[in-house]
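**Q** After the C-alpha cells below, expect a handful of questions from me.
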Amino acid sequence: MNDPRRSDVLVIGAGQAGLSVSHHLDRLGLQHLVLDAEEGPGGAWRHRWPTLTMGTVNGIRELPDSTPPAADADEPANRAIPEWFGTYERDFGIEVERPVRIRRVTSVGDRLLAHAADGRSWSVRALANATGTWRKPFWPSVPGRDSFTGTQLHTHDYPGPQPFAGKRVVVVGGGISAVQHLLEIAPLAAGTLWVTRRPPIFTDGEFGEERGRAAVAMVADRVSKGLAPRSVVSVTGLPLTPAVRDGIHSGVLNRLPMFSAVTADGVAWSDGRRCRADVILWATGFRHNLDHLAPLHLRSADGGIVMDGQQLTRVAKDHRIQLVGYGPGASTIGANRAGRAAAREIQRLLDS
C-alpha cells in the first residue's frame with residue numbers, strides 16, 4: 001500500500017455542497033483536495049430520470065459566484081446541470097479527482113485518514129464531507145414486501161413513464177418525486193394509486209427566501225439536538241403548480257393512507273381493503289450517505305449526529321469534520337451557505 005497523500009483539507013463529494021465548500025476554501029487560500037465518486041461532474045444530477053427537465057425540476061439555486069444555466073425548459077436536467085457543474089469546475093479551477101470511492105475514514109493522532117476502495121489513502125487535518133444521499137435510497141420495511149411477484153423499484157432507478165404503460169401502478173411517498181412520477185405515469189398506466197404515511201400538505205404561492213429560511217431553521221433545530229434530520233423539502237410542502245392542481249382535480253393525486261402489507265399481487269390495508277398492482281414504485285426518499293464515517297462513532301443515541309457552529313456544519317463530537325449537504329445544508333436552499341460556513345470553520349480550526 002502506498003503512503004497516504006497529505007493535505008490540510010479533504011473535500012469528499014463534488015455536488016453542489018462540495019463545489020461550494022471548495023470554492024470558499026480557495027477564497028480563503030486553504031490547501032485542499034477534492035475527491036468524487038462519480039465518473040464526471042454533476043453529482044446526483046447525473047442520475048435523474050430522463051423526463052425531469054429544467055422546466056419541471058423543483059428549484060435550482062446558484063453556485064457561489066455563478067447563476068444557474070439559462071437552459072431550455074425542455075432540456076433534461078441530467079444533462080444541463082452536469083454541464084453547468086463541469087463548466088463551474090473549469091472556470092474556477094476546481095480540480096476534482098474522480099472516480100474515487102471512500103470506504104472509511106479513521107482517526108490517527110490529530111489527523112484523519114481517508115481510505116479509498118482502490119487502496120489509496122489521504123491524511124488530512126480537516127474533512128469536509130459532501131457525499132449527499134443519492135447512493136442511499138430508503139426502502140421502508142413493510143410486511144410481505146418480499147412476497148410481491150410484480151416489479152418493485154425506487155425513485156433511484158425510475159426510468160421515466162414509458163415502461164409503466166398499461167400497468168397498474170402503486171406509488172408510495174409524499175414528496176415531490178412521488179407527485180412527478182404520478183403525473184407522468186397516469187396518462188399511460190392502466191391505473192395508478194397514491195399512498196402516503198401522512199396526508200400531503202400542498203402550499204400555494206412562490207417559494208421565496210423567507211419560506212426557504214424557515215424550512216432550513218426547522219431542519220437545523222433537529223440536527224442541533226442530534227436527531228436524524230428531515231430533508232428541507234419535506235418541511236416545505238408540495239407546491240401547487242398548475243400541473244399539480246390538474247392532478248388533484250382529475251383524481252390522480254387522490255391520496256390513500258399507507259397500506260399495512262404487501263401481498264403477492266398487490267397491497268392490502270388492515271381494514272380488509274386490497275388493491276392489485278403490477279408495479280410498486282417506492283418514492284420514499286434517501287438517507288445520508290455517511291457509512292464511511294462509521295469508524296469515527298459520530299452518531300448520537302437518537303440516530304443523528306449532533307451539529308454545532310454558526311451554520312451547524314461542524315460535528316460537535318469532532319471539530320475536524322464538517323458535514324455539508326447534511327441537515328439544513330442538504331438541499332440547494334442551504335448548500336451554498338453551508339459551504340461558506342464550513343470553510344470558515346476549517347480556517348478557524350487550522351489557525352488554532
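**Q** Based on other C-beta atoms within 10 Å, arrange E62, E39, E184 from fewest to most.
**A** E39, E62, E184
**Q** Taking neighbour Cβ counts within 10 Å as the exposure measure, how do Y326, Y88 sort from fewest upward?
**A** With the fewest neighbours first, Y326, Y88 line up as Y88, Y326.
**Q** Hey, for a label at A264 modelled as a point 7 Å past Cα toward Cβ, could you say which residues of segment 135-154 have their backbone N under 13 Å away?
**A** 147-150
**Q** At a 10 Å Cβ-Cβ cut-off, how would you order R103, R320, fewest neighbours first?
**A** R103, R320
**Q** Counting each pair of different Cα atoms once, what's the Kirkwood radius of segment 40-94 in Å, rounded to one decimal?
**A** In segment 40-94 this quantity evaluates to 11.3 Å.
**Q** Dividing the alpha-carbon Rg of the chain by 2.2 N^0.38 Å yields what?
**A** 1.04
**Q** Now, a different point. Pop a pseudo-label 7 angstrom from the Cα along the beta-carbon direction at both T56 and R299 and give the gap in nm to one decimal.
**A** Calculated label separation equals 3.5 nm.
**Q** Turning to a different aspect of this structure: Sorted by mean Cβ packing within 10 Å, highest first, what order do the peptides 279-288, 294-303 take?
**A** 279-288, 294-303
**Q** Separation between the D74 and F92 pseudo-spin-labels, each 7 Å from Cα along Cα→Cβ, expressed in nm?
**A** Spacing of the two 7 Å Cα→Cβ label points: 3.3 nm.
**Q** Rank G272, G43, G251 by mean-square fluctuation in a GNM of the chain with C-alpha springs under 10 angstrom and give only the top-ranked residue.
**A** Most flexible of the set in this elastic network: G272.
**Q** Further question on the same structure: Label points 7 Å out from Cα along the Cβ direction at V108 and R120: separation in nm?
**A** It is 1.6 nm.
**Q** For segment 65-107, just the Cα atoms, rotate onto the principal axes and tell me the three extents in Å, largest first.
**A** Sorted from largest, the Cα extents of segment 65-107 read 46, 22, 15 Å.
**Q** Turning to a different aspect of this structure: Compute the Rg/Rh shape ratio of segment 13-167: radius of gyration over Kirkwood radius, all on alpha-carbon atoms.
**A** Using only Cα positions, Rg/Rh for segment 13-167 is 1.04.
**Q** Diagonalise the Cα gyration tensor of segment 241-352 and give the resulting equivalent ellipsoid semi-axes, square root of 5 times each eigenvalue, largest first, whole Å.
**A** Computed over segment 241-352, the values are 42, 20, 10 Å.
**Q** When the Cα centres of segment 1-77 and segment 127-183 are compared, how far apart do they sit, in Å?
**A** Using only Cα atoms, the two centres lie 24 Å from each other.
**Q** Determine Rg/Rh for segment 77-141; Rg is computed over alpha-carbon atoms and Rh is the Kirkwood hydrodynamic estimate from the same atoms.
**A** 1.06
Throughout, read-outs are computed from the coordinates displayed, never taken from laboratory work. As the structure is a computational prediction, the values presented were derived from the model and not from experiment. Because the Cβ atoms are built from the backbone with ideal geometry, glycine has one as well, and the counts that use them run over all protein chains shown.
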